[in-house]
Amino acid sequence: MQITFLGTSSGVPTRSRNVSSVALRLPQRAELWLFDCGEGTQHQLLRSELKSSQLSRIFITHMHGDHIFGLMGLLASCGLAGNVERIDIYGPPGLNEYLQSALRYSHTHFSYPIKVHAIRPGLIYEDDEFTVTCNSLHHRITTFGYRVAEKDRPGRFDIEKAKAMGIPPGRVYGQLKRGETVTLPDGRVFNGADFSGPTEIGRKIAYCTDTIYSDNAVELAQDADVLIHEATFSHQDAEMAFQRLHSTSTMAAQTALAAGAHRLIMTHFSPRYAPGNGIELKDLLQEARAIFPKTDMAYDFMTYEVPRRREAELAFEY
């Protein structure tokens, strides 16, 4: 699971930061999921190593322009390229109407099927490997945060141990790998659990923007390997954050701390903190780390490989 930040500015793009979009690459299944799609997202995709042909799902948090203005352009380009099989889009009520209006007035026709899912809090997607849930956040309009959870997997099957016990290879290995109890023709009984390593804990990612501090965001981020959370304002501009229902760097850190998240990556920064101004982005990072030390600050095209829990714990111990 690899996260790529395609846009990390709030409201408007800057010379170094585009508006909101985060990509989640699932290499094991050659899929790409997108969270928000601000203006210019398709250009950011072209500048990255990601393949738009792998795009299969788009999750929209809310209907503000800096999160959806790139959606029609990206979808139209994917259609002209002819390399996308199907895209499912998840978002708040009004999203389908917005897309249908844009299609009608621009005389655009998609050459591949698109399904728009109007979401409500709870489970919105599940397959053999992943679940995606959403919950309401606290912003000026209807807004949702998302949680992607990879399902736990059985530990690796110890083939050498099975061979050493004189268990013949074949169908029996498959049964033991699934954790079943097997009786061999000679009467010996083996439990599959005795041949498997520790369960591989599924990775968890939470994406929360736009919102002021929210208990629902804490719930989405419970025990997350990575929490991606907006930090539009500095703690020193908290009054402005309350007025506009956006988070400060300290609110993002408090969310990560309360949720027991393992890492916080902040994004969605106000352009007011450009280098040379009285408060700079490095100050926001310092504010957050004072509360939650394992905090990073996203920048456009930053990638983060989400480690498995066992690997992550070893890395922190080192």
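In the range 37-63, what residues are over 19 Å from T133 (Cα atoms) and either open to solvent by 30 Å² or more (accessible area, probe 1.4 Å) or in contact with a Lys or Arg (Cβ under 7 Å, 6 or more places away or on another chain) (or both)? Listed by number, the residues that qualify are E39, Q42, H43, L46, R47, E49, L50, K51, S52, S53, Q54. From the list D152, D158, D127, the lone residue that is open to solvent by less than 40 Å² (accessible area, probe 1.4 Å) and under 30 Å from G170 (Cβ atoms) is D127.
Residues in the range 143-158 that are among the charged types (D, E, K, R) and part of a loop (DSSP other than H, G, I, E, B): K151, D152, R156, D158.
Scanning the range 193-214 for residues that are more than 25 Å from T131 (Cβ to Cβ) and open to solvent by less than 70 Å² (accessible area, probe 1.4 Å) returns F195, I212.
Okay, residues lined up against (1) within 21 Å of V148 (Cα to Cα); (2) open to solvent by less than 70 Å² (accessible area, probe 1.4 Å):
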{"site": "A81", "(1), (2)": "no, yes"}
{"site": "E85", "(1), (2)": "no, no"}
{"site": "G91", "(1), (2)": "yes, yes"}
{"site": "L99", "(1), (2)": "no, yes"}
{"site": "S106", "(1), (2)": "no, yes"}
{"site": "V116", "(1), (2)": "yes, yes"}
{"site": "L123", "(1), (2)": "yes, no"}
{"site": "T131", "(1), (2)": "yes, yes"}
{"site": "N135", "(1), (2)": "yes, yes"}
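Screening the candidates F269, F301 for the property of being among the aromatic types (F, W, Y) and open to solvent by 40 Å² or more (accessible area, probe 1.4 Å) yields one hit, F301. Within the range 3-23, at least one residue is of a type in the set (V, I, T), part of a loop (DSSP other than H, G, I, E, B), open to solvent by 20 Å² or more (accessible area, probe 1.4 Å) and in contact (Cβ under 8 Å) with a residue 60 or more places away in the chain.
Answer with yes or no whether F301 is of a type in the set (F, W, Y), over 30 Å from F157 (Cβ atoms) and in contact (Cβ under 8 Å) with a residue 60 or more places away in the chain. Walk me through how you get there before you give the answer.
Working: of a type in the set (F, W, Y): yes; over 30 Å from F157 (Cβ atoms): yes; in contact (Cβ under 8 Å) with a residue 60 or more places away in the chain: yes.
For F301, the condition - of a type in the set (F, W, Y), over 30 Å from F157 (Cβ atoms) and in contact (Cβ under 8 Å) with a residue 60 or more places away in the chain - is met.
Scan the range 173-184 for residues that are at pLDDT below 90 and either open to solvent by less than 90 Å² (accessible area, probe 1.4 Å) or over 26 Å from M1 (Cα atoms) (or both) and report the count. Result for the range 173-184: 6.
The values are calculated or read from the model by the stated rules, or taken from the named source; none is laboratory data. It should be emphasised that the depicted structure is a prediction, and the values quoted were computed from it without experimental measurement. Please note: Cβ atoms are built from the backbone with ideal geometry, for glycine as well, and neighbour counts cover all protein chains shown. Only protein heavy atoms, including side chains, enter the accessible area calculation; ligands, DNA and RNA are left aside. Shrake-Rupley method; radii C 1.70, N 1.55, O 1.52, S 1.80 Å.
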